[in-house]
Structure formats: structure tokens, C-alpha cells
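Asker: Quick one: the structure is below, and I'll ask about it shortly.
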Amino acid sequence: MAGAMGQRLAELIAEYEVPGSALAYWHQGELHEFAAGTLNAATGVEATPDALYQIGSVTKVWTATLLMQDIERGRLTLDTPVAELLPEFRLPDPEVTKNVTIRHLLSHTSGIDGDLFIDTGRGDDCVEKYVAACATLAQNHPLGVTQSYCNSGFVIAGRVLERLHGKRWDDVLREGVCEPLGLTHTWTLPEDVLRFRAAIGHEDGEPVPQWGLMRAMGPAGLICARPADVVAFGRAHLEGGLLEDASAMWEPQVDIPNPYTLGRQWGVGWILDEWSGQKVISHGGNTIGQHAMLWAVPGTGTVVCVTANGGRSGAFTRAVATELFAELDGLTVPPSPVPSDTPPEVDLTPYAGVYERAGSRITISVEDGAGSILLEATGELAALHKPEKMTFVPIEENLFGFRAPGGDWLTAVFFEPVEGAPYLHMGARATPKVS
């Protein structure tokens with residue numbers, strides 16, 4: 001694949017209906033860059049390797065890295081309570097307020113309801129205002145009992161950085177990562193991104209009406225970058241340049257209840273998995289119609305970043321990884337489980353009901369003996385995502401699959417992190433049953 005990458009990338013974006021993509025990878029001491037398609041279907045601007053894409057939640061590894069730098073300087077530890085660093089920090093549960101730590105935030109084990117998307121303005125105090133708004137967030141699950149993806153926790157982590165450094169998260173990022181690594185195509189604010197070629201997200205083949213998320217979400221997901229810059233960041237975790245011991249971030253912190261979506265465990269910022277006996281560290285990101293993935297293999301030194309601005313982007317980036325890592329390192333990306341032609345007979349009735357957390361309502365129903373799943377965005381996300389109802393098919397006990405028409409199979413796992421408390425784990429999030 002590597003020898004004809006430009007052509008293969010073009011074939012894959014056509015297959016997965018992706019408007020445009022860029023790919024960069026570091027292998028055996030060389031950087032390779034490719035691009036295909038368009039940055040904007042309405043204008044026809046060509047995708048090029050130096051164009052900036054929204055890398056979304058890949059940003060979280062950058063924020064975690066900045067905190068690890070301060071940990072190595074002795075300014076705090078992973079087990080420092082957030083309240084010691086932010087005395088004004090409040091959650092509805094006073095015990096969680098007192099006991100939630102930096103480790104909980106960076107491993108998604110805080111239980112803080114994680115998808116609070118609110119606009120607190122464009123001012124330099126937007127992150128501070130967001131953290132104040134977290135005083136209304138309920139616990140999604142008890143502190144430390146399981147993993148559930150938490151955007152809110154990373155915005156709080158970003159505020160800790162602002163307090164430690166006395167400056168905006170954006171500036172801490174620039175001084176702590178971008179400047180040391182010489183990254184020229186990595187920015188956080190749209191007024192900076194506009195100085196470069198930049199992708200816009202697409203839905204149903206058309207540019208989205210809103211380019212990006214609200215500024216307060218910066219520490220959780222607002223970096224825009226070319227893939228080569230993201231690869232340079234990944235290389236620094238393997239080769240040095242940002243931390244004295246980057247491998248401390250690869251230490252497992254918690255098992256992921258649904259290991260089929262992203263990986264088996266969460267480290268400090270990084271997602272952890274194993275392919276063909278090799279440790280793989282990774283993170284993905286999704287914004288409004290854009291998607292990015294970063295993978296690094298410590299044992300081989302290979303680092304890959306691929307971006308997409310619409311279409312079946314998750315399946316696309318997985319296909320790129322499957323072909324590329326097989327050729328470069330002889331690694332097999334584990335396939336996701338899918339329902340068989342003759343699914344096992346599993347009584348869905350005990351699982352039926354409504355599961356809800358901030359930003360999302362999931363309804364599992366049994367109709368004429370068949371299962372269905374209804375996904376609804378709530379709050380400020382409701383205007384960006386239409387409700388979707390899909391068939392819900394058993395793969396095995398507690399594991400089910402579902403997909404939109406023409407889409408790819410996704411997985412959902414039922415589990416009880418606390419005895420007697422049923423949860424549904426999908427999309428890296430644990431959602432409690434409420435009725």
C-alpha cells in the first residue's frame with residue numbers, strides 16, 4: 001500500500017464517501033505525506049498534505065501531556081485532588097468534589113457526566129466559565145468504578161493548566177508542545193486556522209452549517225493541525241522531546257467495558273490496545289463532520305495520523321489502518337465483532353428501557369420480538385444530530401450490534417459497574433438506565 005498510497009487513498013475516500021482526507025506516517029526514519037479529495041465540496045478546494053483538519057479529541061492526549069510535564073516538574077501528582085488546584089471547583093456531590101483527582105480526569109474514571117456542550121463565549125475566560133457551569137453536572141457513575149468518556153473532565157483539566165501557568169490553555173499548549181516540537185501547522189483558534197488551508201466538515205455530502213465547536217471545549221477537542229504535525233507529536237512520545245518518561249502515560253488505568261470500539265484499556269490520556277502482540281497507543285477525535293485518528297506503535301516506532309472531513313469516516317480510518325499497518329509492520333488490526341447470519345437467541349426484555357446522560361438519550365425497545373435502538377442527542381447537541389432508530393441485534397449475551405442503513409456495525413455492551421445498577425456502554429461512554 002505504501003508504494004501507491006496516493007492512489008489507494010483516493011480509492012478509499014471514494015469507497016467510504018469521504019470528501020477529503022490527509023495522511024501522514026513515520027516509518028523507519030522517514031515521513032510520508034499524502035492527500036486526496038476536497039476540503040470543501042461547495043468550493044472544490046483541493047485537499048493537500050499541509051491543510052489543517054480538526055483533530056477533535058486527539059487534543060486530549062496533548063492536554064494530558066501538558067499536565068504530565070507539570071507532574072514531572074513536581075507541581076502536582078496524578079493523585080492530587082482537583083479541588084486543591086481549583087479551590088472554587090464544585091460538583092453537585094460534595095464527596096466527589098473533594099476526592100476527584102487528576103488521574104480520574106485523564107483516565108475518564110471520574111463519573112462526571114461528560115458531554116456538557118455549552119457556549120460560554122469567545123473570551124479568554126471561557127474555560128473558567130465552563131468549569132463553573134460543571135456545578136450542575138450529576139454523576140454518571142460513582143467515582144472510579146468504571147470508564148466513561150468525559151469531555152467535561154478534560155475541560156476541567158485544561159482549567160487546571162490555566163491556573164498552574166497563569167495563562168490561557170491555548171498559550172500553555174503553544175509553549176509546552178507546539179514550540180518545542182517546531183509545529184507550524186497546529187492552532188486552536190479559527191482566526192489562526194484561517195491563515196492556512198482548512199477543511200470543513202460534511203454531512204450527507206454537504207458542508208456543515210457550523211464550522212466548529214464552542215471555544216470552551218478547547219482542552220477537550222479544538223486543536224486543528226496537519227497530520228504531519230500530529231505525527232511529530234506522536235513521535236515525541238516514542239522518541240522523547242516532551243517528557244522524561246512518556247511511557248508513564250501508557251500504563252493501564254482502567255479496562256474499557258466495551259473493548260471493541262477503541263481499545264482494551266485507558267492509560268493517562270492514551271487508549272491502549274494490542275495488535276499481533278505489539279502494544280498500540282492511540283486516540284481518535286470527532287467534531288462537526290470531521291474525524292481524525294492517531295496511532296503509535298512503541299515496539300516498531302511507527303506513527304500514523306489520518307484525517308477525514310465527512311462520509312463513513314470511522315470505517316474509512318479503520319480501513320486505512322488495517323491496510324497500512326499490515327504492510328508497514330505486519331500487524332493485524334483486530335476486527336470488530338458483527339452479528340452472525342443466525343444471531344443467538346437472547347432475551348432483550350431485561351435490557352429494554354431508557355438510558356440517559358448529559359447530551360444523549362438511548363431507548364432500547366422490543367417490537368414484534370425484534371430489538372431496536374433509538375439514539376437521540378439532547379441539549380445543545382440536539383440541533384446538530386438527527387434522531388436515529390436502528391435494528392439492535394445480539395452478538396452474544398450482553399453484546400449487541402447496530403448500524404444505520406448503509407453504515408457500519410457498531411457495538412453496545414450491557415454491564416453493571418455497581419451491583420444492581422444496569423448500564424449500556426457504547427461510543428466509549430457508560431450510560432445508566434433511568435427507566
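Asker: Among the residues of segment 32-40, is there at least one that is modelled with pLDDT of 95 or more and open to solvent by less than 20 Å² (accessible area, probe 1.4 Å)?
Answerer: Yes, that holds for at least one residue.
Asker: May I pose another question? Using the structure shown, decide if residue 162 is open to solvent by less than 20 Å² (accessible area, probe 1.4 Å) and among the acidic types (Asp, Glu).
Answerer: Numbers: open to solvent by less than 20 Å² (accessible area, probe 1.4 Å): yes; among the acidic types (Asp, Glu): yes.
Yes, satisfied.
Asker: If you don't mind, there's one more thing I want to ask. Just to be sure before I move on: is residue 299 in contact with a His (Cβ under 9 Å, 6 or more places away or on another chain), part of a loop (DSSP other than H, G, I, E, B) and either modelled with pLDDT of 95 or more or open to solvent by 40 Å² or more (accessible area, probe 1.4 Å) (or both) in the structure I sent?
Answerer: It is false that residue 299 is in contact with a His (Cβ under 9 Å, 6 or more places away or on another chain), part of a loop (DSSP other than H, G, I, E, B) and either modelled with pLDDT of 95 or more or open to solvent by 40 Å² or more (accessible area, probe 1.4 Å) (or both).
Asker: Scanning for something assigned to a loop (DSSP other than H, G, I, E, B), without any contact (Cβ under 8 Å) to a residue 24 or more places away in the chain and over 30 Å from residue 104 (Cα atoms), does segment 71-82 turn up at least one residue?
Answerer: no
Asker: Then there is this: Among the residues that make up segment 351-365, is at least one of them surrounded by fewer than 18 Cβ atoms within 10 Å (Cβ to Cβ) and under 30 Å from residue 305 (Cα atoms)?
Answerer: No: segment 351-365 contains no residue that is surrounded by fewer than 18 Cβ atoms within 10 Å (Cβ to Cβ) and under 30 Å from residue 305 (Cα atoms).
Asker: On to the next question. For segment 115-169, which residues satisfy the criterion of being among the hydrophobic types (A, V, I, L, M, F, W, C), closer than 17 Å to residue 360 by Cβ and out of contact with any Phe, Trp or Tyr (no Cβ under 9 Å at 6 or more places or on another chain)?
Answerer: 117, 137, 138, 150
Asker: Report yes if residue 314 is surrounded by fewer than 24 Cβ atoms within 10 Å (Cβ to Cβ), farther than 17 Å from residue 14 by Cβ and in contact with a His (Cβ under 9 Å, 6 or more places away or on another chain), otherwise no.
Answerer: no
Asker: Any idea how many residues of segment 13-24 are more than 15 Å from residue 319 (Cβ to Cβ) and assigned to a strand (DSSP E or B)?
Answerer: Going through segment 13-24 one residue at a time, the tally reaches 3.
Asker: Considering each of 424, 374 in turn, give the residue that is part of a strand (DSSP E or B), aliphatic (A, V, I, L, M), closer than 30 Å to residue 296 by Cα and in contact (Cβ under 8 Å) with a residue 12 or more places away in the chain. Working first, answer last.
Answerer: Details: 374 fails: closer than 30 Å to residue 296 by Cα.
Of the residues listed, the single one that is part of a strand (DSSP E or B), aliphatic (A, V, I, L, M), closer than 30 Å to residue 296 by Cα and in contact (Cβ under 8 Å) with a residue 12 or more places away in the chain is 424.
Asker: Shifting gears a bit: Anything in segment 183-208 that is without any contact (Cβ under 8 Å) to a residue 40 or more places away in the chain and surrounded by fewer than 20 Cβ atoms within 10 Å (Cβ to Cβ)? List them, or say none.
Answerer: Filtering segment 183-208 down to residues without any contact (Cβ under 8 Å) to a residue 40 or more places away in the chain leaves 188-192, 194-195, 204.
Within segment 183-208, 189, 190, 191, 192, 194, 195, 204 meet the criteria.
Asker: Checking the structure you have, find out if any residue of segment 321-332 is modelled with pLDDT of 95 or more, aromatic (Phe, Trp, Tyr) and in contact with a Ser or Thr (Cβ under 7 Å, 6 or more places away or on another chain).
Answerer: no
Asker: Given the structure, is residue 10 closer than 16 Å to residue 316 by Cα and either of a type in the set (Ser, Thr, Tyr) or buried (at least 19 other Cβ atoms within 10 Å of the Cβ) (or both)?
Answerer: Criteria not met by residue 10.
Asker: Same structure, new question: Residue 25: closer than 25 Å to residue 186 by Cα and of a type in the set (Phe, Trp, Tyr), yes or no?
Answerer: Judged against the criteria, residue 25 is a match.
Asker: For the structure I just gave you, tell me whether residue 56 is crowded, with 24+ Cβ neighbours inside 10 Å and among the small types (Gly, Ala, Ser).
Answerer: Working: crowded, with 24+ Cβ neighbours inside 10 Å: yes; among the small types (Gly, Ala, Ser): yes.
So residue 56 fits the description; yes.
The values are calculated or read from the model by the stated rules, or taken from the named source; none is laboratory data. In this text the structure is predicted, and so the values were computed from the model without any measurement. With ideal geometry, Cβ positions are generated from the backbone for all residues, glycine too; neighbour counts draw on all protein chains shown. For the accessible areas, the whole protein counts, side chains as well, though only heavy atoms, and no ligand, DNA or RNA atoms are used. Shrake-Rupley method; radii C 1.70, N 1.55, O 1.52, S 1.80 Å.
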